[in-house]
Amino acid sequence: MVRRTEAVGWALVGGVLVAFAVPWFLWGSGQIAFGLPLWLWWHIGWMGLAAMTFRAFTRRAWGVGVETGPVDAGSGSTDADTDTEPAEPKASVRAEAGGEH
Amino acid sequence: MAGVGLQLGIVGSYLLIALAIGLVAYRLTSNTAEDYYLADRTLGTVVLLFTTFATLLSAFTFFAGPNVAYSAGPEWILVMGLMDGVLFAVLWYVLGYKQWLVGRAQGYVTLGEMLGDRFGSRALRGVVAAISLFWLFPYVMLQQQGAGVAISGLTNGAIPYWVGAGAITLFMILYVAISGMRGVAWTDTLQGIFMLVLIWGATAWVLAAVGGPTEATRQLLASDPDFLTLGGGLYTPEYVLSTAISIAFGVTMFPQINQRFFVARSKKVLQRSFALWPVLVLLLFVPAFMLGTWARGLGVSVPEGGNVVPALLNAYTPGWFAALVIAGAMAAMMSSSDSMLLSGSSYFTRDLYRPFIDSEGAREDLFARIGVAVFAILTFVASLFRPGTLIEIGDTAFGGFAQLALPVIVALYWSGTTRNGMFAGVLGSQAFYLAGVFVPAVPSAYGGWSASVIGMLLGLLLTLGVSALTSPATEENERVYSEGLRAD
């Protein structure tokens, strides 16, 4: 169930990233700052935020909602994700260890 | 005309470098279909990122996109950011990572193969490949046409259109047929980096001449005070959303993009590419589209049917630089087309020719190479005649591919999906969208929302509804997409 909550949480985060990539609250605004429209600065900042969020996601939660355990399929889909739980820390530790910089 | 020799020299050198890279890649490619199409699933981060990126970018980045910014304002930057920076990245994970896992576990090379196996249906495999080729063919043709126009424009007609388009076609056949995915990916990387450097070089050059972005913007607002206001004219919220959603989903089903979901070497490669998407999109499209926008305030006049970026560069930079940018645009077209040729050929050989016509046949990698040449020659011939219907199909291709995305996502994540549900979702949404494009009596937009987005919704409902109402056929194997999918 933890994985399920995690998946919903990340889906919400993704939804927010999608929703405000366009600064709807600046619709009709023509304000300029440092030679570019204010709405463009928002967008640039938001894309930066999106990249950082994606990076955090790849480190903490990659696989959530997509990977499935070896034996869960067919045996009731609602708890299908729970089987992957014990393996997950291992996977992310390995991912960290394998990260080259 | 003195500059023409230099300009052709620059474009020609570029083509030769691409060919040389293809030859090096060929030496590393073995004679299996998996290696030819997928570089044995061994692409690393930089190469995967740039090959996907360069493939995404057609001539739109250099020509059509800045033209839109010039005439309607820079809001397309937002469409691009939402579409390629965020939505596509999310789909990269939801669709791409899943397909990578499934493909690695089962050895799939194409989308049709993946679906046909799961639903035990050769017909579904063929239908998906046929739909994909239907939308792909004219799109490749448009790229060749763009190259022909660009070369004949660069040389003021000294090199006729058909020679330009033909030369590009020939070069692509040579290096794609020779080297397969590995060569395509390497040249794409070169092309992607080349494009990034050029667009920033062009922006720096023009801004230095004008006196910086503040001055460029001041001049623009002096002549056109509302031009940078968000929204208005072409840009309604419905337009921005429809365009971004339809293209983002469409991109994932373009054969050359979808096939790239199968080629990453490791999970790590997919992860790194995923996090870099928004950054790359910003780096490329903000300067490209702002150039088009600023050109309006700088009084650059664009010839009828011409493009704003070359006009701007001709006014502010020396001739050799403008030629480099034409070479960059050529790179953009070729990096899209070469990948499309390769993927188109694999869809045809694996999902149509082999299953339906000749299951034995010659060695597959050999056959695939012939497929590339045939596909390229056919699109080249079509580009000589430029039939209106094909141009219309090419222009609406993103929407057509977008119709496939939701049924595929449903199939990947819901084991209750049935073969009948897939047929209903795939064929129903295609019929709806095609009618919207080609039948004048059928509307192409609904209250500001494009037929493409409505069709996607219809496809989703049909897939879910018909799957719920029908039971799976005995040949279906609903566990293919859900069992034992872990990266380690």
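All of the numbers you see were taken from the coordinates with simple rules; none came from a lab. These numbers were taken from a predicted model, which means no experiment stands behind them. All Cβ positions, even for glycine, are placed from backbone atoms using ideal geometry, and neighbour counts span all protein chains on display.
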Kirkwood Rh in Å, taken over the range B:2-394 so that all alpha-carbon pairs contribute: 21.5
Normalised contact order of the range B:261-353, rounded percent, pairs of Cα under 8 Å and 6 or more residues apart: 13
Sites excluded, trypsin sites (Lys or Arg not before Pro) in DSSP loops with at most 14 other C-beta within 10 Å, longest stretch of chain B: B:1-362
Options B:Val24, B:Gln430, B:Leu384, ranked by Cα towards positive dipole end of the protein assembly as shown, top entry (Cβ charges): B:Val24
Under the span-like rule (Cα at least 15 Å along the axis, Kyte-Doolittle mean at least -0.5), DSSP H helices of chain B: B:2-27, B:45-56, B:122-154, B:161-210, B:213-223, B:237-253, B:267-297, B:319-346, B:364-385, B:397-413, B:419-438, B:451-469
Cα centroid separation - the range B:384-457 against the range B:136-154, whole Å: 25
Partner chain coverage, peptide A:22-33 - average Cβ within 10 angstrom: 5
Number of partner chain Cβ atoms within 10 Å, mean per residue of B:66-75: 1
Range in chain B, longest, excluding exposed GluC sites (Glu not before Pro) [loop by DSSP; at most 14 other beta-carbon atoms within 10 Å]: B:1-303
Nonlocal amide H pairs with B:Leu43, under 5 Å, H built at 1.01 Å: B:Arg265
Cβ neighbours within 10 Å from other chains - mean over B:81-93: 5
Computed over chain B: relative contact order in percent, which uses C-alpha pairs under 8 Å that are six or more apart: 30
B:Leu8-B:Arg122 FRET efficiency (beta carbon distance; Förster radius 45 Å; 0.05 resolution): 0.40
Those residues of the range B:420-458 whose amide nitrogen sits under 18 Å from the label point placed on B:Tyr413, 7 Å along Cα→Cβ: B:422, B:425-426, B:456-458
Amide proton proximity set for B:Tyr446, modelled H, under 5 Å, gap of 5+: B:Ala451
Ordering of B:373-386, A:21-34 by packing [mean C-beta count within 10 Å, highest first]: B:373-386, A:21-34
Size of electric dipole in chain B: Cβ of Lys, Arg +1 and of Asp, Glu -1, about Cα centre, debye, nearest 20: 720
Burial ranking of peptide ranges B:310-317, B:393-400 (average Cβ count within 10 Å, highest at the top): B:393-400, B:310-317
Cubic angstrom per residue, convex hull over Cα atoms of the protein assembly as shown: 152
